[in-house]
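Below is one structure, written out as structure tokens; the observations come after it.
Since every read-out is calculated from the coordinates, none of them should be taken as a lab result. Note that this is a predicted model, so its numbers are computed, not measured. In this analysis, Cβ positions are derived from the backbone assuming ideal geometry, glycine residues included, and neighbour counts consider all displayed protein chains.
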Ligand SMILES: [Zn+2]
Ligand SMILES: [Zn+2]
């Protein structure tokens, strides 16, 4: 196993190239995994479309795999030694020396962080490949048997970010209502967590209908089809009609940043907003909105504990929520372009890339 097959973005919006990449030389604390499952995130689509990043790179930053090699002793996030054969996910490796790593203990803000899914193929830091390098400096979460590889992979971006958002907004009281904007993985996972945290009512606005079905199945009290409700005032009225005219106590913006203004319209005065979705152009806040006191938490990435929270949520709530419904299509490595295209056109919710070629 001197090489790994990888799907590589060599130019924006074009077919990915299958390349044979030499396995990296492991240093102290480095881990090599055999990829079991890689799921794609909206950010992969944005990178493929050229919104950020510099080709060539291997996409995929939601990756679960089995350890095939590790150098020197490494422990998981709970301090238990890791060994070959363990199934794991990893946070992005941070430097451990900067202000954010040492003083604030917010390693996700480390300016020296090594991101997955956007690095040169030679570093093997992307999920759309047979093998993945998890360098020293990342925190490792071991995957319990009851969590499948695709769902564990989805915890490595989508669900851990949602967990970070719920931590930021604080406890949800039993009388509080939650409105969720966006029916993608962030929005759907937010439905499950809001339900689990004891919200009185959970509402979701999104599209298409197939995603709304998942929201209903996971406990949303009511859903609104965005495609059939193009006028913003109608959507605001829909939320207010369900919250005694006040607006929701909490709004989770799980769509795109430009929807933030809509979130402010839908939250009650002095309510809380978690803004998780990115992209979609600038967020415009109207002058009258400045007279409405609201708390907005911008949620970007997550700390190592949120990865652990996400995996534990999948394990302990597996009988309450049919999480497998979030994984939409399954593709082999050579079909990664098709998966990205279908993400871009919203035909996919959370596609799974398997580390092998089509027969
Ligand atoms: Zn992501
Ligand atoms: Zn740092």
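If the segment from residue 17 to residue 84 were pulled out straight at 0.36 nm per residue, it would be longer than the present Cα-Cα gap by 21.1 nm.
Which percentage, to the nearest 5, of the DSSP beta bridges contained in the chain is antiparallel?
Within the chain, antiparallel bridges account for around 55 percent of the total.
Across all directions, the average flat footprint of the convex hull enclosing the Cα atoms of the chain is 17.8 nm². When you restrict to C-alpha pairs under 8 Å that are six or more residues apart and normalise by the size of the stretch 162-298, the relative contact order lands at 23 percent. Based on C-alpha pairs under 8 angstrom that are at least 6 apart in sequence, the chain has a relative contact order of 18 percent. The listed peptides 10-16, 214-220, 118-124, 175-181, ordered by packing as a protection proxy, come out as 175-181, 214-220, 118-124, 10-16 (highest mean of other Cβ atoms within 10 Å first). A full extension of the chain between residue 109 and residue 75 corresponds to an added length of 10.0 nm, given 0.36 nm per residue minus the alpha carbon distance. Spin-label model, residue 292/residue 228: points 7 Å from Cα along the beta carbon direction are separated by 2.5 nm. If you average the C-alpha positions of the stretch 150-191 and of the stretch 102-137 separately, how far apart do those two centres end up, in angstrom? Here the two parts' Cα centres lie 23 Å apart. Mind pulling the angle between the C-alpha long axis of helix 185-196 and the longest principal axis of the chain? Nearest 10 degrees, somewhere in 0 to 90. For helix 185-196, the angle is close to 70 degrees. Taking the fewest neighbouring Cβ atoms within 10 Å as the starting point, the ordered list for 242, 160 is 242, 160.
Normalised by the number of residues in the stretch 19-96, the mean separation of alpha-carbon contacts (under 8 Å, six or more apart) gives a relative contact order of 33 percent. The calculated pair-distance distribution of the stretch 230-272 uses every alpha carbon pair, bins of 5 angstrom beginning at 0, and gives 6, 26, 32, 27, 8, 1 percent.
Angle of helix 232-241 to the longest C-alpha principal axis of the chain, folded into 0 to 90 degrees and rounded to 10: 70°. Seen against the Cα atoms of the chain and their longest principal axis, helix 304-316 is set at about 80 degrees. The shape of the stretch 1-114 comes out oblate: with a ≥ b ≥ c from the C-alpha gyration tensor, a/c is at least 1.5 while a/b does not beat b/c. Measuring between their Cα centroids, the stretch 267-292 and the stretch 319-359 lie 32 Å from each other. The slack in the chain from residue 300 to residue 334, taken as 0.36 nm per residue of separation less the alpha-carbon distance, amounts to 9.2 nm. Among 70, 40, 18, 104, a tally of other beta-carbon atoms within 10 Å of each Cβ gives an order, fewest to most, of 104, 18, 70, 40. Estimated from helices alone, the mean residue ellipticity of the chain at 222 nm is -7000 deg cm²/dmol (sum of -39500 (n - 2.57) over DSSP H runs with n ≥ 4, per residue). Going by how many other beta carbons lie within 10 Å of each one, how would you line up 82, 159, fewest first? If I rank by nearby Cβ atoms, fewest first, I get 82, 159.
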